[in-house]
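Just passing along the structure, written as structure tokens.
Read-outs throughout are calculated quantities, based only on the coordinates presented, and are distinct from any laboratory measurement. Because the structure is predicted, anything quoted here is derived from the model rather than measured. Please note: Cβ atoms are built from the backbone with ideal geometry, for glycine as well, and neighbour counts cover all protein chains shown.
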Amino acid sequence: MSEEGIRAYVLLSSLDWAEITSRGGAYIPPWEGGKLEVQEIKEREREILPAYGELVSLFPEGVQGEVARLLLRYQEFQLLALDLLSSPPRSFAGFGVITSDEVNLRAGPGGRYPLEGRLSRGQTVVVQGEEGYWVRVWLPGGREGYVFRDYVQREG
């Protein structure tokens, strides 16, 4: 891969290009057999998450508020995507967002299955598949369950 390709990958994965080059070119990208330190990246990204929350507090309304909320959501999504690298789900059909308050997470595809927890509006999930009226979802940390499909908006 070209240096420009590596730079683009580094930019997208939040790695510090100056830090990598200061290691004397020791960085070997994963597609060339190197080991990506996902946990290190997650820790860095998790540390700055509160700053995005502060932006939402500073700009609660208007266009600036919408942008601040979008940035916070993007950061939360990035952390979820990094979780996929370190502990991937059994299957992946896309991402989704919970569209209602206090949505039940069930152990199986139906209301008769035990309640495993509750999800909040705006929470990002990994969609694993659908079974009838139910969507099988995966959450950071490896939790899985089912949500009624009307409460999950699938994202591109």
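For a quick check of your reading of the filter: which GluC sites (Glu not before Pro) in segment 47-122 sit in a DSSP loop and have no more than 10 other Cβ atoms within 10 Å? Could the numbers behind the result be given before it?
Working: sites: Glu47, Glu54, Glu61, Glu66, Glu76, Glu102, Glu116; in loops: Glu61, Glu102.
The qualifying sites are Glu61, Glu102.
Give me, ordered by chain and number, the residues 5 or more places off Glu131 or on other chains with an amide H under 5 Å from its own placed amide H.
Excluding prolines and chain starts, which carry no amide H, the hits are Arg136.
Return the ratio Rg/(2.2 N^0.38 Å) for segment 33-145, where Rg is computed over Cα atoms only.
Compactness ratio reported: 1.20.
Give, as a single signed number, the net charge of other residues whose beta carbon lies under 13 Å from the beta carbon of Arg73, with Lys and Arg counted +1 and Asp and Glu -1.
Net charge in that neighbourhood comes out at -1.
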